[in-house]
Amino acid sequence: MNRNLHALLAGVLGSLAACGSGEDTIATPPLPVPITGPAWPTFGGDAQHAALAAIASQPLSRILWQTPVDTAPQYGGGGSYLLTHYGSPVISSMNTLLIPVKTTAIGSFRIEARNGSSGALLWTAASDYLVPPHNWFPSYNLTLSSTNRLYAPGAGGKVYYRDNVDSAAGTLQTAVFYGAAVYTANQAALDAAIIINTPVTADAAGNVYFGFLASLPNVANLTSGFARLTASGTGTWVSASAAANDVAIDRPAMNSAPAMSRDGAVVYVAVSDAAGQGYLVGLDSATLAPLARMPLNDPITGAPAFVSSDGTASPTVGPDGDVFFGVLESNRPAHNYRGWLLHFNGALTQAKIPGGFGWDDTASIVPVSAVPSYAGISTYLVMTKYNNYGGAGTGDGKNRMAILDPGSAAADRITGNPTMAEVLTILGPTPDPNYPGGVKEWCVNTAVVDPLTKSVLFNSEDGLMYRWNLVTNTLSEQIRFTNGLGESYTPTALGPDGVVYAINNAMLFAAGR
């Protein structure tokens, strides 16, 4: 979010319920329209965060329905901006949307299950989740396993789960990775001491992974790190310092979802120290034993890059196993607070060509077949936000989205250093009166790539959602959600019927025919 980006990162504002265990609250919905199709089970669409559609998206003809994702949004600047990250809706193959909803200013949450065809409420359940210390308000995310089991963070490092999310009748249950008996005997103390601080990611076998913060000392003898829970509730954990083999590392990166290798053998996580310097780490997905690590260094200066707790960058795993992860530059604002999209091989032994933007963005994967004009040799491309923030360094406010070639280098627009070659870029269409010649920012932290229509779907701080046609390199469709707002970046998602979902100004919108 540009208007406050560089000032906030420097620490200065400037120009820029109840516990949910037990029976759910059940609504009386109309009969749903029967739909079976590809699910959207997690942030970024899958455990690799590729954000690839498996069904053609519907035209952006109208708003089908909308619902709040925050009933107490906290605005700044006299209502001009909203620095809250919102979790992605997740969607079952039978078109049930599971939506995380913030219900108080300080961050109480509930889960709403809604019929994707109508938006009608199917069931609700409360979470007792407590929010970690923060600057920009962190995200609260859900995930669906391959067995259609919902997982959601709770207080004390526990997770809630519910089977058969498409049914109005069901019970929210809990699992605790360090042991239910330890938690039950010390619930109040552990609720305050242990806080999940990343989205939850499920693998193909139904195991789930997440990061947590642990205040020391605590009765469970936990140190901040990463946990794994099996479907039967058996837990394993590893500290962040042990994962990185560095005693200075003391936390999982805030809001950064674990990502799975294509074969499911490795889980990739980001860690940092109090100064925001860190590593990308590969863990054995069965044991959480450390396998590999790569320092997150600025590709130009060679100094440690900045892993910001205000961002939501998560690792993306490409079809060839390469891993992409966004950071801020070490010498801010030398790259205009754009950061870098770091690029490594799957073994984390080789740094490859970086991308020219990484801040608060999770790259999406683009099949080369979706870009007919591409004539290079790479087997896939990547899509990222490509803002060039007005007022940050030399930023001119020419905010773009970009399709990049991970296997081909070209001169970076700002530094001239080698970065991933631009295959296509698209400039925002709405002038920004704060920056003469500039345009409103693209407002997305993971965007749907639809290879069936050869397009990408994302929204903007101008209050509209757009379809980027990769054949004509034009914004071929648009739909207005709000009048626009400076806000933290938000996810897009796709339902099994091709309906597109995006968040703008604390509302979830469903757009389609």
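The values are calculated or read from the model by the stated rules, or taken from the named source; none is laboratory data. Remember, predicted model here, so these are calculated numbers, not experimental data. A quick note on method: Cβ atoms are made from the backbone with ideal geometry, for glycine too, and the neighbour counts reach across all protein chains shown. Quick note on the areas: whole protein, heavy atoms, side chains included, nothing else; ligands and nucleic acids left out. Shrake-Rupley method; radii C 1.70, N 1.55, O 1.52, S 1.80 Å.
Can you pull out every residue in segment 436-486 that is of a type in the set (Lys, Arg) and either crowded, with 20+ Cβ neighbours inside 10 Å or not in a loop (DSSP other than H, G, I, E, B) (or both)? Once the filter is applied, which keeps residues that are of a type in the set (Lys, Arg) and either crowded, with 20+ Cβ neighbours inside 10 Å or not in a loop (DSSP other than H, G, I, E, B) (or both), segment 436-486 yields Lys440, Arg467, Arg480.
Quick grid of which residues meet (1) under 23 Å from Ile353 (Cβ atoms); (2) in a loop (DSSP other than H, G, I, E, B); (3) charged (D, E, K, R); (4) open to solvent by less than 10 Å² (accessible area, probe 1.4 Å):
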| position | (1), (2), (3), (4) |
| --- | --- |
| Leu222 | no, yes, no, yes |
| Ala231 | no, yes, no, no |
| Val238 | no, no, no, no |
| Ala274 | no, yes, no, no |
| Gly282 | yes, no, no, yes |
| Pro299 | yes, yes, no, no |
| Gly311 | yes, yes, no, yes |
| Pro319 | yes, yes, no, no |
| His335 | yes, yes, no, yes |
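Kindly establish whether Pro295 is at negative phi and surrounded by fewer than 18 Cβ atoms within 10 Å (Cβ to Cβ). Walk me through it before giving the result.
Values: at negative phi: yes; surrounded by fewer than 18 Cβ atoms within 10 Å (Cβ to Cβ): yes.
Against the criterion (at negative phi and surrounded by fewer than 18 Cβ atoms within 10 Å (Cβ to Cβ)), Pro295 qualifies.
All told, Tyr489 meets the bar of being open to solvent by less than 10 Å² (accessible area, probe 1.4 Å), of a type in the set (Phe, Trp, Tyr) and in a loop (DSSP other than H, G, I, E, B). Consider segment 337-359 and keep the residues that are open to solvent by 40 Å² or more (accessible area, probe 1.4 Å) and part of a loop (DSSP other than H, G, I, E, B). The one that is nearest to Thr415 (Cα to Cα) is Ile353. Of all the listed residues (Tyr151, Tyr129), the sole one being touching a helix residue (DSSP H, G or I) at 6+ places or on another chain (Cβ under 7 Å) and under 19 Å from Pro199 (Cα atoms) is Tyr129. Scanning segment 495-509 turns up at least one residue that is within 21 Å of the chain's Cα centre (by Cα) and open to solvent by 40 Å² or more (accessible area, probe 1.4 Å).
Within the option set Pro431, Pro436, being over 26 Å from the mean Cα position of the chain (by Cα), at pLDDT below 95 and not hydrophobic (A, V, I, L, M, F, W, C) holds for one residue only, Pro436.
Every residue, every condition in (1) open to solvent by less than 10 Å² (accessible area, probe 1.4 Å); (2) of a type in the set (D, E, K, R); (3) not in a loop (DSSP other than H, G, I, E, B), yes or no:
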{"residue": "Thr362", "(1), (2), (3)": "yes, no, no"}
{"residue": "Val366", "(1), (2), (3)": "yes, no, yes"}
{"residue": "Ser378", "(1), (2), (3)": "no, no, no"}
{"residue": "Leu381", "(1), (2), (3)": "yes, no, yes"}
{"residue": "Gly395", "(1), (2), (3)": "no, no, no"}
{"residue": "Leu404", "(1), (2), (3)": "yes, no, yes"}
{"residue": "Ala421", "(1), (2), (3)": "no, no, yes"}
{"residue": "Ile426", "(1), (2), (3)": "no, no, yes"}
{"residue": "Asn434", "(1), (2), (3)": "no, no, no"}
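Among residues of segment 406-419 being among the hydroxyl-bearing types (Ser, Thr, Tyr) and open to solvent by less than 50 Å² (accessible area, probe 1.4 Å), the one that is nearest to Gly318 (Cα to Cα) is Ser408.
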